[in-house]
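The values are calculated or read from the model by the stated rules, or taken from the named source; none is laboratory data. Given the structure is predicted, the values throughout are model-derived calculations rather than measurements. As a convention, Cβ positions derive from the backbone with ideal geometry for all residues, glycine included, and neighbour counts pool all protein chains shown. Please note that ligands, DNA and RNA were not included when accessible areas were found on the heavy atoms of the full protein model with its side chains. Shrake-Rupley method; radii C 1.70, N 1.55, O 1.52, S 1.80 Å.
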Amino acid sequence: MWMNQIPGPAIERLLHLLRFLERLDVQFITSSEIEDYTGWSSATVRKDISYLEGISAGTAGYEVGRLKEVIRETLGLTEGRRICIVGLGRLGSAFLNFTGFEQEGFHLVAGFDSSVNRIEILRSPVPLYPTYKMAEVISRFQIELALLCVPASEAQRSAEKLVAAGIRGILNFAPVVLTVPPTVAVENLYVVDGLRALAARLSSKKGTEPGIPGKNE
C-alpha cells in the first residue's frame, strides 16, 4: 500500500509503534500487549497494522523484527535522506551536534544563517553557509529536508526560499502557519502548543478522578 493511502493519524501511530518496538527485546507481540503499553485499543492497533502489506498475526502474535522492517519500508525510512538546518541561533546550533540524526538515517550536511559572523564563530561538524547560498548548496548536495529554526518573523520568507531551492519537506519550529505548495510536506513543532495540549488534557480530566475536590459537589 502506498503511504498516501494511509490516514495521517495511523502514520503517526505507526511511527510511535516503531519507536516502541525498537526498545523491545522480544520476538513476538500481540495487539493486546501493544494496547497495554500504548493505550491504543487492540482494534486500532490491528487496523493500523493492516495498512502494512505482508504482515499478519500468528498464534504468538506479530513477529517484531518483521513488523519493524515493514513499517520502515512502508513509511520510507529505509533510505538515508539529507537534511539541513536553517537558522543557527540557540535552537538551530544545538542541532548541529545532535548525533541522533545519523542513527536514524538522516544525514545532516549543511547549516544556514543570515549572519556571516555567526557562521564564522560557530564550531560545527558540518559545513555552514550564509543563507544567500541556500539554493546552490541544497541543489549541489541534493538536500530533501530542512529544519526551520528561524524567528517567526522570518519563517515564511525562509520557507519560500527553501521551496524555491527544491526542499521537499520542512520541520518548522516557528509558531506560525507556513504557506507552501501542496507538494511540500510541513511538520510543525512548537513547544508551547505541546504545553497547551497537555493543559487542555488536564482540564478535561478535572473532576473526573476519585479524590478530586468538587467531583461530587
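Provide the net charge surrounding Arg81, with neighbours chosen by a C-beta distance below 12 Å and charges set as Lys +1, Arg +1, Asp -1, Glu -1.
Taking every other residue near Arg81 into account, the sum is -2.
Considering only protein heavy atoms and a probe of 1.4 Å, how much of the accessible area of the range 71-180 is carbon and sulfur, as a whole percent?
50
Under the Karplus relation 6.51 cos²θ - 1.76 cosθ + 1.60, θ = phi - 60°, what is the ordered set of whole-Hz ³J(HN,Hα) values for the range 106-112, x standing for Gly and Pro?
My calculation for the range 106-112 gives 10, 9, 6, 10, 6, x, 10 Hz in order.
Amide H to amide H, which residues 5 or more places from Leu147 or on other chains are under 5 Å from it, using H placed in the peptide plane?
Residues meeting the amide H criterion: Cys84, Ile85, Val86, Leu171.
Report the label-to-label distance for His16 and Arg82 in nanometres (one decimal), using points 7 Å from each Cα along the Cα→Cβ vector.
For the pair His16/Arg82, the computed spacing is 3.4 nm.
Among DSSP beta bridges lying fully in the chain, give the percent that are antiparallel, nearest 5.
10
How much mean residue ellipticity at 222 nm does the chain get from its helices, if each DSSP H run of length 4 or more adds -39500 (n - 2.57) and you divide by all residues, to the nearest 500 deg cm²/dmol?
After summing the helix terms and dividing by residue count, I get -12500 deg cm²/dmol.
If r is the Cβ-Cβ distance from Arg140 to Ser41 and R0 is 35 Å, what FRET efficiency results, to the nearest 0.05? Spell out each step's value before the answer.
On the way: r = 48 Å, r/R0 = 1.37.
It comes to 0.15.
Could you work out how far the C-alpha centroid of the range 32-83 sits from that of the range 85-157, in angstrom?
Here the two parts' Cα centres lie 33 Å apart.
For the range 1-46, which trypsin sites (Lys or Arg not before Pro) are in a loop by DSSP, counting at most 13 other Cβ atoms within 10 Å?
Values: sites: Arg13, Arg19, Arg23, Arg46; in loops: Arg23.
Passing both the DSSP loop test and the Cβ count: Arg23.
In terms of the Cα gyration tensor, with a ≥ b ≥ c the square roots of its eigenvalues, is the chain rounded because a/c is under 1.5, prolate because a/b exceeds b/c, or oblate?
It is oblate, given that a/c is not under 1.5 and a/b is not larger than b/c.
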